[in-house]
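Asks: One structure coming up, written as C-alpha cells, with questions to follow.
A short reminder: the numbers here are calculations on the coordinates, not readings from a lab. Quick caveat: nothing in here was measured; it's all calculated off a predicted structure. Please note: Cβ atoms are built from the backbone with ideal geometry, for glycine as well, and neighbour counts cover all protein chains shown.
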Amino acid sequence: MTQARLAHRLQHLGTTVFAEMSALAVRTKSVNLGQGFPDSDGPDEIIESAVAALRSGRNQYAPGIGIPELRAAVADHQSRFYDQRFDPGSEVLITTGATEAIAASLLALIEPGDEVVALEPYYDSYAAGIAMAGGIRVPVTLRAPDFRLDTDALRTAITARTRALLINSPHNPTGTVLDDTELRCIAGLANEHDLLVITDEVYEHLTFDGHAHLPLASYDGMRDRTVTISSAGKTFSFTGWKVGWVCASAALVAAVNTAKQFLTFTSGAPLQPAVADALALPDDYFVEFRNTLQAKRDRLCSGLRELGFQVYVPQGTYFVTTDIRPLGFEDGVEFCLGLPERAGVVAIPHQVFYDHTDVGRPLVRWAFCKRDQVIDEALSRLRVGLRAR
Ligand SMILES: Cc1ncc(COP(=O)(O)O)c(C=O)c1O
C-alpha cells in the first residue's frame with residue numbers, strides 16, 4: 001500500500017498481516033489459527049488480582065518506569081529462572097507490551113543509517129521499529145528444515161555500520177530455541193564488534209521436549225550491552241493486557257526510557273500489580289502451561305502431517321511451520337488468502353516475515369494456542385476443504 005501523505009520511511013509497511021488476517025477470519029467465520037493469541041484466559045486468581053486493583057483505586061497514572069512491585073517481581077523472576085541480578089530501581093522498565101519495548105529500544109539506540117541485523121523470518125514489528133528509527137534492516141535467514149542460526153552468515157552480515165543485533169529466541173515464526181553454541185557465537189560477535197543486542201524473549205517459558213531458554217544477557221560480556229525484553233502476554237495468556245518489560249544496565253534502561261516516556265509514558269496501572277502476582281506464581285504453573293501447550297503442538301502437528309503438509313515441529317513458541325508444496329501449492333500468500341473460502345481456516349504466510357520472500361514463499365504458520373476442540377475443528381475443516389480442490 002502506498003499513501004501519498006505517509007512518511008517515506010513508513011511507505012513499505014502497510015497494515016500488519018495479523019490485523020488483516022484476523023479481520024478476514026471474522027468476516028468469513030473462519031477458525032483463526034493465524035494470530036498468536038490463546039482462546040482461553042490465564043489464571044483466575046490473576047484476573048481477581050486485577051479486579052481488586054481496579055476496585056481499590058489503582059486507576060490513575062502508574063509511575064512511568066512501572067510500579068515498584070512489578071519491577072521487583074520482574075527482577076525476582078530473572079533471578080529465579082536464570083540466576084540474573086537486575087536492580088529493580090534502575091535496571092527494570094515496565095512497558096506497554098514487548099512491542100513498545102522493542103520500538104523504544106530501537107528509537108533510543110539506533111541512529112539513522114545504522115544497520116540492525118535481525119533473524120529472518122522476523123516478527124513484523126521489527127521491520128517497523130527499525131524503519132521508524134531510520135535504521136537499515138540486515139536479515140540473517142533461518143532456513144528449513146531445522147531453522148538453525150547460520151553463524152557464518154551472521155558473521156558476514158556484520159559491517160562497520162552495524163549498531164545492533166536484534167535477536168528473538170524462542171523464535172517466532174520458526175519455533176527455533178537458540179542453543180548454547182549459537183548464543184555463544186552471537187555473544188562472541190557482539191563483544192568483538194562492540195555491538196548492542198536487543199533480545200526479544202516473549203516466548204521464554206514456551207519451550208518443549210526439554211529445550212531450555214537461555215538468556216543472552218547471561219553470556220560473557222553481554223550484561224551491559226544487552227536489552228532483554230519480555231512480556232506477560234504469552235506466558236500468562238493475557239495478550240490483551242499489553243504489559244511488558246525491559247531488563248538492562250541502568251544506562252541502557254535510562255536510554256530506552258527516554259523514548260518510552262514519550263510513546264505512552266505509562267499504561268495498564270491496575271494490570272501491573274496483577275502481573276507482579278503472575279510472575280510470582282509457583283513453578284507448577286509454568287510446568288503445566290508448557291506441558292499443555294506441548295500437547296496442543298503435537299495435536300496440530302500430527303493433524304497437519306496426516307493432511308500431507310511437510311511439518312517442521314517447533315522447539316518453542318505457539319507456532320508450527322509447514323511447507324505447502326507436498327499438497328501441490330507453491331505460494332503461501334495465495335494459499336492463505338484462499339484458505340478461508342476453501343476451508344474456513346486462517347493461517348499466516350511466512351513470506352511477510354522475509355526480505356528474501358522466495359525463501360518464505362512455500363511456508364505457512366499455524367498457531368496452536370487454541371482449545372483442543374478448536375484445533376480439531378480446524379483440522380476437520382481442512383480435511384474437507386483441501387480434498388475439494
Ligand atoms: C516475537 C514477538 N515479540 C513480541 C510480540 C508482542 O508482544 P506484546 O504483545 O507483549 O507486545 C509478539 C507477539 O506475537 C511476538 O511474537
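Asks: GluC sites (Glu not before Pro), restricted to the stretch 315-359: which are DSSP loop and have at most 14 other Cβ atoms within 10 Å? Could the numbers behind the result be given before it?
Replies: Details: sites: Glu330, Glu334, Glu341; in loops: Glu330.
Loop-located and lightly packed - Glu330.
Asks: Can you give me the long-range amide H partners of Val202? Hydrogens built in the peptide plane at 1.01 Å from N, cutoff under 5 Å, separation of 5 or more residues or another chain.
Replies: Sorted by chain and number, the residues that satisfy this come to none at all.
Asks: The stretch 204-247: which chymotrypsin sites (Phe, Trp or Tyr not before Pro) are DSSP loop and have at most 12 other beta-carbon atoms within 10 angstrom?
Replies: none
Asks: I want to verify a result. In a Gaussian network model of the chain, Cα cutoff 10 Å, which of these has the top mean-square fluctuation: Ala19, Ala108, Ala274?
Replies: Ala19
Asks: Sticking with the crude label model, points 7 Å out along Cα→Cβ, report the distance from Asp376 to Ser90 in nm, one decimal please.
Replies: The answer from the label model is 5.7 nm.
Asks: Given 0.36 nm per residue, what is the gain on full extension from Asp209 to Asp152 after removing their alpha carbon distance, in nm?
Replies: 17.8 nm
Asks: To make sure I understand, if each residue's beta carbon is the centre and we count other beta carbons within 10 Å, what order do Lys260, Lys242 fall in, fewest to most?
Replies: Lys242, Lys260
Asks: Which lysines have a Cα less than 25 Å from the Cα of Lys296, not counting those fewer than 8 places away in the same chain?
Replies: Lys29, Lys234, Lys242, Lys370
Asks: Next up: Just how far, in whole angstrom, is the stretch 161-215 from the stretch 95-123 if you go by their alpha carbon centroids?
Replies: 14
Asks: For the pair Glu192/Asp179, report the inter-label distance in nm, with labels modelled 7 Å from Cα in the Cβ direction.
Replies: 2.1
Asks: Another question, if that's okay. So what's the back-of-envelope 222 nm ellipticity for the chain, counting only DSSP H runs of four-plus at -39500 (n - 2.57) apiece and dividing by all residues, rounded to 500?
Replies: On the way: 14 runs with 162 residues, N = 389.
For the chain, the value works out to -13000 deg cm²/dmol.
Asks: Also, I was wondering about something else. Looking at the stretch 1-48, which trypsin sites (Lys or Arg not before Pro) are in a loop (DSSP not H, G, I, E or B) and have at most 13 other Cβ atoms within 10 Å?
Replies: Details: sites: Arg5, Arg9, Arg27, Lys29; in loops: Arg5, Lys29.
The qualifying sites are Arg5, Lys29.
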